[in-house]
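Below is one structure, written out as structure tokens, with a few remarks after it.
The values are calculated or read from the model by the stated rules, or taken from the named source; none is laboratory data. Everything numeric in this text was worked out from a predicted model, so none of it was measured. Cβ placement follows ideal geometry from the backbone for every residue including glycine, while neighbour counts extend to all protein chains displayed.
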Amino acid sequence: MTTVEHRVELGTRTSRALGVVSALLIGVLVLLPFVVERSFLVSLTELMILIALGQLWNLLAGYSGIFSFGQQAYVGIGAYATFALADLVGLNIWLAIALSGVVALVIAYSTAFLIFRLEGGYFAVATWVVAETFRLLVKNNDRLNPGGTPQPLRTLASLGPDRFQIIYWLAVAVGLGSVILTLVFLRSRWGLALSAIRDDEETAAASGIDVHRVKMRVYLLVAAMTGLTGSVYLLNNVSIDPDSYFSIGLTAQMVVVVVVGGLGTVEGPIVGALIYFLLDENLSVLGTWWFITLGVLLIVLLLVAPRGVWGTIQARTGLRLFPTQRRLIVGENRSVHDGPTDDIRSEAEWTRE
Amino acid sequence: MAAVLEVDRLDAFYGGFQALFEMSLSVDEGEIVAVVGANGAGKSTLLRTIAGLMKADPGQIRLDGSPIGGDRPERITRKGVTMVPEGRRIFPSLSIEENLVMGGYVGRAGKWDLDRIYDLFPVLKERRRSPGTILSGGQQQMLAIARGLMANPRLLLLDEISLGLAPVVVKRLYSVIPQLRDAGVSLLIVEQDVAQALAAADRIYCLLRGRVSLEARSEDINHQDLVAAYFGVQ
Amino acid sequence: MFAAGLALVFGVMKIINLVHGDFIILSAYLTLVLVEMTSISPLLLTPLVMVLMGFFGYLIQRGILNFTLGSGILIPLVVTFAMSLVIQNVLLEVFTADTQGLDAGAIELSSVTLPLGVTVGWFPLLTFAFAVVVLGALQIVIGKTGLGRSFRAISDDNEMASLMGIRTRHVFGMAMAIALMVTAVGGVILGIRTQFDPAMGPTRLIYAFETVVIGGIGSLWGTLVGGIVLGIAQGVGAFFDPSWRELAGNLVFLAVLAWRPRGLLARRQT
């Protein structure tokens with residue numbers, strides 16, 4: 001089910017070495033279900049989902065400059081699509097899962113023309129409003145949300161007795177898939193267009209790049225993938241309800257994961273997801289104090305190290321696990337870098353204040 | 001005559017890219033100094049750094065002997081260096097008079113006030129309550145210069161005031177310049193139009209790729225030398 | 001009728017609040033505390049609340065938010081989000097999740113009969129009057145005072161403004177202070193009008209935002225119009241079914257976005 005691409009061509013020495021290590025790591029991940037116990041597996045599944053959501057949000061915000069506070073809409077849509085298709089309509093569950101991405105894509109396509117009329121912070125809140133609208137629509141729908149109580153996914157059982165493993169593998173697929181998607185996208189000509197747009201949108205447009213189309217493409221792709229992730233989320237959580245699945249809290253998690261890890265880097269969301277996951281597992285018992293601490297930590301982190309944990313490491317050492325920069329070797333010792341700039345503060349470095 | 005402005009081996013960077021290399025120049029009291037050079041030579045970078053919009057070490061820029069390099073832009077304006085930026089940059093939400101008042105915000109004492117400005121630029125007085133955007137390009141440039149004067153500067157930095165304007169208009173603008181000098185303002189002018197620069201300034205610096213390639217009094221300048229310095233032909 | 005009354009009230013709450021849903025709730029709680037301490041009617045305490053929130057706003061801006069500027073929009077967004085998280089949970093800790101209310105006495109219930117036989121509650125009317133006064137005051141500050149001039153200059157061209165010698169950091173602080181003062185009024189009114197609890201902030205934020213977009217980004221009076229439109233929409237929705245209130249508002253918002261993306265009263269300025 002999962003295939004691993006070699007990322008050899010544009011690799012650095014470090015990344016090539018790491019390519020081998022990663023292949024091993026992935027092998028370990030895949031084989032894990034046979035050696036660990038179920039509760040650990042469920043936790044890992046959650047982690048994988050978190051990584052997926054983080055990567056996808058990063059692709060939007062960190063690389064494409066699209067700050068969406070409404071991705072939870074697609075999580076919910078994907079989950080409800082699977083629920084509706086499998087439980088209510090009676091489709092085979094595998095089909096229902098696969099179609100969740102398609103449904104998310106279609107809906108993303110229809111709302112996109114609306115929200116892309118706004119920019120920046122307004123765009124962000126507009127996406128939030130759209131997500132809220134979906135939440136309310138589902139909440140008031142008697143078929144999807146009868147009686148206002150959480151609905152179990154009854155057809156879950158049809159996955160068979162090994163379902164925890166299957167769900168885990170699906171989660172790994174989605175997590176890996178989003179990393180791979182990010183890499184593939186960035187290294188394609190769309191990725192080049194993205195970095196051009198990020199550097200200077202007007203010039204990019206003047207150079208013949210259809211800015212709108214590139215952004216749309218990213219947005220739709222991410223929406224579809226997020227829908228799939230939502231589906232897996234449902235599988236892991238068994239029951240569905242509109243408030244949890246369309247919750248702004250999901251975006252909050254995505255944002256924290258990406259910002260803590262490092263916006264605009266591929267490794268960042270992975271690091272961020274790990275950190276957040278560990279913290280959350282251990283500290284969430286503190287209830288409100290956990291949130292307060294989290295909030296304060298976030299603020300401090302953003303003021304002190306806005307590039308995030310990995311981002312700061314990368315800025316200091318130039319270390320890259322996943323090569324996304326295109327290197328043009330001119331002569332023996334000189335190379336010119338071109339590719340997505342991970343430097344979100346580059347503007348601030350030119351001028352003060 | 002004492003130097004109003006000294007720039008001493010200034011380096012300037014845009015991120016990892018170096019724009020100015022150990023640049024040195026000076027402006028004496030009552031002088032009009034022009035800086036010319038091809039695009040990308042570093043002219044605007046120089047002015048922006050002097051004005052405080054870009055980082056510099058304190059000792060690299062000195063006003064009347066005291067270091068101002070790296071100061072915040074508002075402090076530099078307060079100390080007596082005012083910038084009239086490239087592209088004029090009038091505040092569209094403010095009326096002409098409000099733009100002028102903003103220019104004087106820094107509160108330096110001096111001869112320039114609204115009345116004197118209006119004497120020098122009568123066209124601004126006529127429309128003073130209208131938004132600055134209704135003015136023509138040349139008039140907007142006048143407004144920008146006037147706004148700069150309201151700060152009562154010792155040194156006025158003019159960045160490409162001829163940009164986008166018809167030659168006739170440019171001539172009219174430059175006719176005002178000597179009056180500024182007579183009123184006690186020293187000037188550092190960045191100018192695309194070399195002929196105009198030569199006509200207006202006492203001394204000229206030519207920049208090439210971030211370094212000074214030529215410095216001379218405008219009356220002493222040799223045309224061939226200038227061309228060589230401008231384009232970097234060996 | 002009912003909807004019109006709601007519209008008047010919603011008109012105020014939304015316009016007074018631009019990005020600070022939780023600040024409104026905070027203001028409400030602050031008023032609660034002050035009322036308990038002094039036993040003065042909440043309406044009369046409004047000026048004090050305004051001043052306190054104003055200080056708070058200035059401190060927050062200079063202490064935290066000023067450092068987030070210039071690095072793109074994400075950092076301020078996440079920082080304000082984190083602040084929202086902290087404020088909500090601190091309030092939760094201190095006041096618990098129970099709902100609270102402010103009591104303004106008889107004025108809440110009395111009504112007045114206008115010509116044409118229409119009966120309007122005193123309170124909504126007062127609220128609307130407040131709104132108009134506050135907006136008017138804001139217009140004057142922005143249009144006629146030096147501070148307002150600085151606001152306009154900075155919003156036009158930050159760099160130029162700082163070249164002119166405007167202490168941008170201080171002016172930003174003042175802008176936030178004023179915003180919070182206005183927000184405080186909204187908070188007091190909210191507290192009087194409905195029960196409130198710590199988690200209400202984000203919804204207020206959405207309403208406020210919808211108001212601004214519907215009315216037109218960049219137009220102060222547009223926000224009033226937006227508030228009224230939103231209020232009516234929500235009132236109509238609630239009329240059919242209480243749980244449809246928010247949804248109705250959202251749908252109208254999306255409709256305006258589709259039909260007139262710049263808002264109903266938009267100005268050409270950014």
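Looking at B:197, B:144 in this structure, which one is over 22 Å from residue B:102 (Cα atoms) and part of a helix (DSSP H, G or I)? Working first, answer last.
On the way: B:144 fails: over 22 Å from residue B:102 (Cα atoms).
Residue meeting the stated conditions: B:197.
No other residue among B:62, B:78 is touching an Asp or Glu at 6+ places or on another chain (Cβ under 7 Å) and under 15 Å from residue B:155 (Cβ atoms) apart from B:62. Considering region C:158-172, the residues that are crowded, with 20+ Cβ neighbours inside 10 Å and not in a helix (DSSP H, G or I) include one that is nearest to the other protein chains (Cβ to nearest Cβ), namely C:165.
Any residue in region A:316-326 that is assigned to a strand (DSSP E or B) and either more than 18 Å from residue C:81 (Cβ to Cβ) or at pLDDT below 85 (or both)?
Going residue by residue through region A:316-326, those that are assigned to a strand (DSSP E or B) are A:326.
The next check asks that each one be either more than 18 Å from residue C:81 (Cβ to Cβ) or at pLDDT below 85 (or both); those that pass are A:326.
Yes, some residue in region A:316-326 is assigned to a strand (DSSP E or B) and either more than 18 Å from residue C:81 (Cβ to Cβ) or at pLDDT below 85 (or both).
When region A:138-158 is filtered for residues that are buried (at least 16 other Cβ atoms within 10 Å of the Cβ) and either within 7 Å of another protein chain (Cβ to nearest Cβ) or touching a strand residue (DSSP E or B) at 6+ places or on another chain (Cβ under 6 Å) (or both), only A:151 remains. In region C:189-216, which residue that is within 14 Å of another protein chain (Cβ to nearest Cβ) and outside any helix (DSSP H, G or I) is modelled with the lowest pLDDT? If we take residues in region C:189-216 being within 14 Å of another protein chain (Cβ to nearest Cβ) and outside any helix (DSSP H, G or I), then C:216 is modelled with the lowest pLDDT.
Collect the residues in region B:1-20 that are more than 23 Å from residue B:221 (Cβ to Cβ), touching a residue at least 40 places away in the same chain (Cβ under 8 Å) and either among the β-branched types (Val, Ile, Thr) or out of contact with any helix residue (DSSP H, G or I) (no Cβ under 8 Å at 6 or more places or on another chain) (or both), keeping them in residue-number order. Across region B:1-20, the qualifying residues are B:2, B:13, B:18. Residues being outside any helix (DSSP H, G or I), among the aromatic types (Phe, Trp, Tyr), in contact (Cβ under 8 Å) with a residue 60 or more places away in the chain and surrounded by fewer than 23 Cβ atoms within 10 Å (Cβ to Cβ) are entirely absent from region A:165-187. Scanning region C:121-143 turns up no residue that is modelled with pLDDT under 70, part of a helix (DSSP H, G or I) and exposed (fewer than 13 other Cβ atoms within 10 Å of the Cβ).
For region C:174-188, state whether one or more residues are polar (S, T, N, Q), assigned to a helix (DSSP H, G or I) and modelled with pLDDT under 75.
Among the residues of region C:174-188, at least one is polar (S, T, N, Q), assigned to a helix (DSSP H, G or I) and modelled with pLDDT under 75, which makes the answer yes.
Take residue B:25 and decide whether it is more than 11 Å from chain C (Cβ to nearest Cβ) and out of contact with any Leu (no Cβ under 7 Å at 6 or more places or on another chain). Yes. Out of (1) of a type in the set (Phe, Trp, Tyr); (2) crowded, with 18+ Cβ neighbours inside 10 Å; (3) without any contact (Cβ under 8 Å) to a residue 24 or more places away in the chain, what's the single condition that is false for residue B:91? Failing condition for residue B:91: (3).
Taking the conditions exactly as written (more than 9 Å from chain C (Cβ to nearest Cβ) and within 18 Å of residue B:14 (Cα to Cα)), does residue B:47 satisfy them or not? Taking the combined requirement at face value, the residue satisfies it. Can you tell me which residue within region C:90-114, out of those that are modelled with pLDDT of 75 or more and in a helix (DSSP H, G or I), is surrounded by the fewest Cβ atoms within 10 Å (Cβ to Cβ)? Only one residue fits best here, namely C:94. Checked against (1) within 14 Å of chain A (Cβ to nearest Cβ); (2) surrounded by 17 or more Cβ atoms within 10 Å (Cβ to Cβ); (3) more than 23 Å from residue B:181 (Cβ to Cβ), residue B:41 passes all but a single condition, namely (1). Those helices (runs of 4 or more DSSP H) of region A:197-293 in which at least 3 residues are farther than 29 Å from residue A:157 by Cα, considering only elements entirely within it, cover A:201-206, A:211-237, A:248-261, A:267-283.
Residues to consider are A:36, A:42; find the one that is among the β-branched types (Val, Ile, Thr), over 27 Å from residue A:220 (Cα atoms) and outside any helix (DSSP H, G or I).
Numbers: A:42 fails: outside any helix (DSSP H, G or I).
Answer to the check: A:36.
Condition check for residue B:175 on (1) at pLDDT 90 or above; (2) surrounded by 19 or more Cβ atoms within 10 Å (Cβ to Cβ): one failure, at (2). Do we have residue B:111 as in a loop (DSSP other than H, G, I, E, B), surrounded by fewer than 17 Cβ atoms within 10 Å (Cβ to Cβ) and modelled with pLDDT under 90 here? When the stated conditions are applied, residue B:111 passes them.
Would you confirm whether any residue within region A:83-100 is within 14 Å of another protein chain (Cβ to nearest Cβ) and either modelled with pLDDT of 90 or more or in a helix (DSSP H, G or I) (or both)?
No, region A:83-100 has no match at all.
Scanning region A:118-136 for residues being more than 7 Å from every other protein chain (Cβ to nearest Cβ), assigned to a helix (DSSP H, G or I) and surrounded by fewer than 21 Cβ atoms within 10 Å (Cβ to Cβ) gives a total of 1.
Conditions tested, residue by residue: (1) aliphatic (A, V, I, L, M); (2) within 15 Å of the chain's Cα centre (by Cα); (3) modelled with pLDDT under 90.
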position	(1), (2), (3)
A:216	yes, no, yes
A:219	no, yes, no
A:225	yes, yes, no
A:231	no, yes, no
A:238	yes, no, yes
A:244	no, no, yes
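Pairing residues of region B:213-226 that are in a helix (DSSP H, G or I) with residues that are hydrophobic (A, V, I, L, M, F, W, C), at Cβ distances under 6 Å and at least 6 apart in sequence or on separate chains, gives B:218/B:198; B:218/B:201; B:218/B:204. Contact list please: Cβ distance under 8 Å, first residue in region A:49-68 and farther than 14 Å from residue A:182 by Cα and among the aliphatic types (A, V, I, L, M), second residue surrounded by fewer than 24 Cβ atoms within 10 Å (Cβ to Cβ) and modelled with pLDDT under 85, pairs at least six apart or on different chains. So the pair list comes out as A:66/A:123.
Would region A:231-254 turn up any residue that is in contact (Cβ under 8 Å) with a residue 40 or more places away in the chain, among the β-branched types (Val, Ile, Thr), in contact with a helix residue (DSSP H, G or I) (Cβ under 6 Å, 6 or more places away or on another chain) and within 14 Å of another protein chain (Cβ to nearest Cβ)? For region A:231-254, residues in contact (Cβ under 8 Å) with a residue 40 or more places away in the chain, among the β-branched types (Val, Ile, Thr), in contact with a helix residue (DSSP H, G or I) (Cβ under 6 Å, 6 or more places away or on another chain) and within 14 Å of another protein chain (Cβ to nearest Cβ): present. Scanning region A:188-215 for residues that are surrounded by fewer than 17 Cβ atoms within 10 Å (Cβ to Cβ), among the small types (Gly, Ala, Ser) and within 30 Å of residue A:232 (Cα to Cα) turns up just one, A:188.
Could you please let me know if residue C:211 is β-branched (Val, Ile, Thr) and surrounded by fewer than 18 Cβ atoms within 10 Å (Cβ to Cβ)?
Numbers: β-branched (Val, Ile, Thr): yes; surrounded by fewer than 18 Cβ atoms within 10 Å (Cβ to Cβ): no.
The answer is no for residue C:211.
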